[in-house]
Amino acid sequence: GGGIAYAQIWLCAGLPLNSPLLIPKLLLYEEAAIRLQRPTFQISFSSVRQLVLNLQKSPANPTELKGDAFDEESVLGTLEGNSLRTSRRDTSTLRLFLALIFWDEECMINMLEILSDFAEPDVSTSRTHFRLFVIGLAGFEMGRKNKDKSLIELASTCLDYFKTLTKLGSLSATPIYHLMKAVSRPSKSNYDEAISFCHETRLVHFEAMACERCGMLLKQEKRVDAANEYIIKAYWGYTDWGATSKANSMIETYPFLKEATRCYQTAQSDGSSTNMRVANYIGKK
């Protein structure tokens, strides 16, 4: 159980994907799961390892968990009952995360359908945080685009979960809440607030996601120069996280990134600290 939490917390915290403490550690946990004859534990570690490879090595379809570390279809085909149900829940969460990063709307819809029965806390806090985070973001995005009230309601349930924890002073829930709130009500000011919280809590991957979404919003509003600034910041955020595959795909989408440097103006800064923001937020409705 501790090993599974290790992998989940790593993803939640946005620690470097290329760290020598990640893949080698996951391999050790996989070997231990095999020795102990715990196949569902092995699936947890190998699927996360495949997610990391997808983010690093530019597979043909980055939202499929199929590669050197894990093949979702063949592995889950050997399971049944509750083992299949919980493993499908966890692999679908990982795929939904990849779909958000690589913006695969078809995958988002499919994974939301699977995960609609899992929008509630379970015994693992880190697993709950990660799952409700991706369900909330994708639910708001796909619900708004497809005018699907059921997805909006599903996402709102996830938002309420993080809102409650934020009001209680949870520093880990606060940046997630503000990012999810920005996605539910897109505006530059809401994204700036989310970016600030993610930056100050060093959630580099969530900050990159927020910057990219803000950039896409500004492009829709024809604010090209401002949009490019956020896109550049997102690019460097994904690069620093170690998501080489994502960074390369951004260069294909935005060719100007080939000449991008880190000499950009910070997208937002108001001088206040996360702790002060959280303190001011506690108790508000």
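Can you pick out the pairs among Lys66/Lys246; Lys188/Lys222; Lys188/Lys219; Lys147/Lys188; Lys188/Lys233 whose Cα atoms lie more than 20 Å from each other?
Values: Lys66/Lys246 17 Å; Lys188/Lys222 13 Å; Lys188/Lys219 11 Å; Lys147/Lys188 22 Å; Lys188/Lys233 15 Å.
Pairs exceeding 20 Å: Lys147/Lys188.
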Worksheet item: When the chain is fully extended, how far beyond the present Cα-Cα distance does Ser124 get from Asp160, taking 0.36 nm per residue of separation?
Response: 11.1 nm
Response to the item:
Per the C-alpha gyration tensor (a ≥ b ≥ c, the square roots of its eigenvalues), region 161-268 is rounded if a/c is under 1.5, else prolate if a/b beats b/c, else oblate; here it's prolate
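With +1 on each Lys and Arg Cβ and -1 on each Asp and Glu Cβ, how big is the dipole of region 63-141 about its Cα centre, in debye rounded to the nearest 20?
Numbers: 7 positive and 15 negative charges, 63 e Å.
Using Cβ point charges on Lys, Arg, Asp and Glu, region 63-141 gives about 300 debye.
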Worksheet item: Roughly what angle does helix 39-57 make with the longest principal axis of the chain, taking Cα atoms, 0 to 90 degrees, to the nearest 10?
Response: 40 degrees
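In region 1-119, what percent of the accessible surface is made up of carbon and sulfur (1.4 Å probe, ligands and nucleic acids excluded)? Walk me through the numbers on the way to the answer.
On the way: 2960 of 5700 Å².
Answer for region 1-119 is 52 percent, counting heavy atoms of protein chains only.
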Discussion item. Among Ser47, Ser19, Ser74, which residue has its Cα furthest toward the positive end of the charge dipole of region 1-133, with +1 on Lys/Arg Cβ and -1 on Asp/Glu Cβ?
Written reply: Ser19
Discussion item. Given the DSSP H assignment, sum -39500 (n - 2.57) over each helix run of at least 4 residues in the chain and divide by its residue total; what's the result at 222 nm in deg cm²/dmol, nearest 500?
Written reply: -23000 deg cm²/dmol
Discussion item. With the cut-off at 1.5 for a/c, could you classify region 78-139 from its C-alpha gyration tensor as rounded, prolate or oblate?
Written reply: oblate
Practice prompt. Give a residue-ordered list of calculated ³J(HN,Hα) values for region 90-105 (Karplus: 6.51 cos²θ - 1.76 cosθ + 1.60, θ = phi - 60°; whole Hz; x for Gly, Pro).
Written response: 6, 5, 5, 4, 5, 5, 5, 4, 5, 5, 5, 5, 8, 6, 10, 5
Worksheet item: In square nanometres, what is the average projected area of the Cα convex hull of the chain?
Response: 15.0 nm²
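The values are calculated or read from the model by the stated rules, or taken from the named source; none is laboratory data. Just so we're clear, the structure is a prediction, and the values are computed from it rather than from any experiment. Glycine gets a Cβ as well: all are built from the backbone with ideal geometry, and neighbour counts include every protein chain shown. Quick note on the areas: whole protein, heavy atoms, side chains included, nothing else; ligands and nucleic acids left out. Shrake-Rupley method; radii C 1.70, N 1.55, O 1.52, S 1.80 Å.
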